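Engineer: Okay, here's the structure, questions in a sec.
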């Protein structure tokens, strides 16, 4: 006979914890939703605008995860370098923790070869993902102070020529936000449908390695 609800075992601790940028939280949760032995822990997405703080924030999260689940839990970091100039790699290497390869999320969403081609086409390209399209006002305009000082727009974006929206989903509302962002910045607009790009196989491989 099936066990009664009272006799059901307590949930087991995860075998793998994915520590990722909050900007990837939706995608990471979608990729691991059906994997009960995997847990996602997000780091504040606002550090996207303050990359010098990312390495310390990730290591603080590593310490919390190990304190909660034990030193043997496998940890994978869902960050690219993200502007840390090697600081993230330096601390992760000392802990024996792997991360997503690449310079930033634009590269692994588009794919390394496709991203290189985009840069070759136009070096002055500003990129949005689904997350950044959704949070453009708060992270970019408010984060850079352009809501208060619009005269600074040429200082920040004068060297850019186009905005490329790397779309993870087919969401007309998000595309409208991305187009509005391009208009606000005075840039031409392009959409590239990437889905999860290289994020999906990298996360799958990391999770399989910890199973």
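Engineer: Please find, within the stretch 42-70, the residue that is farthest from the chain's Cα centre (by Cα) out of those that are in a loop (DSSP other than H, G, I, E, B) and either closer than 20 Å to residue 129 by Cβ or modelled with pLDDT of 95 or more (or both).
Structural biologist: Step one: list which residues in the stretch 42-70 are in a loop (DSSP other than H, G, I, E, B), which gives 44, 50, 70.
Going one step further and asking which of them are either closer than 20 Å to residue 129 by Cβ or modelled with pLDDT of 95 or more (or both), we end up with 44, 50.
Working: 44: 10, 50: 14 Å.
Once the filter is applied, the top-ranked residue is 50.
Engineer: Could you list, in sequence order, the residues of the stretch 142-162 that are modelled with pLDDT of 95 or more and surrounded by 16 or more Cβ atoms within 10 Å (Cβ to Cβ)?
Structural biologist: 146, 157, 160, 162
Engineer: Are any residues in the stretch 86-125 without any contact (Cβ under 8 Å) to a residue 24 or more places away in the chain, under 18 Å from the mean Cα position of the chain (by Cα) and not in a helix (DSSP H, G or I), and if so, which ones?
Structural biologist: 86, 99, 103
Engineer: Condition check: surrounded by 17 or more Cβ atoms within 10 Å (Cβ to Cβ) and assigned to a strand (DSSP E or B). Does residue 39 satisfy that?
Structural biologist: Values: surrounded by 17 or more Cβ atoms within 10 Å (Cβ to Cβ): yes; assigned to a strand (DSSP E or B): yes.
Taking the combined requirement at face value, the residue satisfies it.
Engineer: Of everything in the stretch 71-85 that's in a loop (DSSP other than H, G, I, E, B) and in contact (Cβ under 8 Å) with a residue 40 or more places away in the chain, which residue is farthest from residue 53 (Cα to Cα)?
Structural biologist: 73
Engineer: Give me the helices (runs of 4 or more DSSP H) completely within the stretch 126-211, filtered to those with at least 3 residues that are out of contact with any helix residue (DSSP H, G or I) (no Cβ under 9 Å at 6 or more places or on another chain), ordered by residue number.
Structural biologist: Qualifying helices (runs of 4 or more DSSP H): 172-185, 199-209.
Engineer: Of the residues 174, 199, which single one is over 20 Å from residue 115 (Cα atoms), in contact (Cβ under 8 Å) with a residue 24 or more places away in the chain and crowded, with 16+ Cβ neighbours inside 10 Å?
Structural biologist: Just one listed residue meets the conditions, 174.
The values are calculated or read from the model by the stated rules, or taken from the named source; none is laboratory data. Since the structure is predicted, the reported quantities are computational estimates derived from the model, not experimental observations. Every residue, glycine as well, gets a Cβ built from its backbone with ideal geometry; the counts of neighbours run over all protein chains shown.
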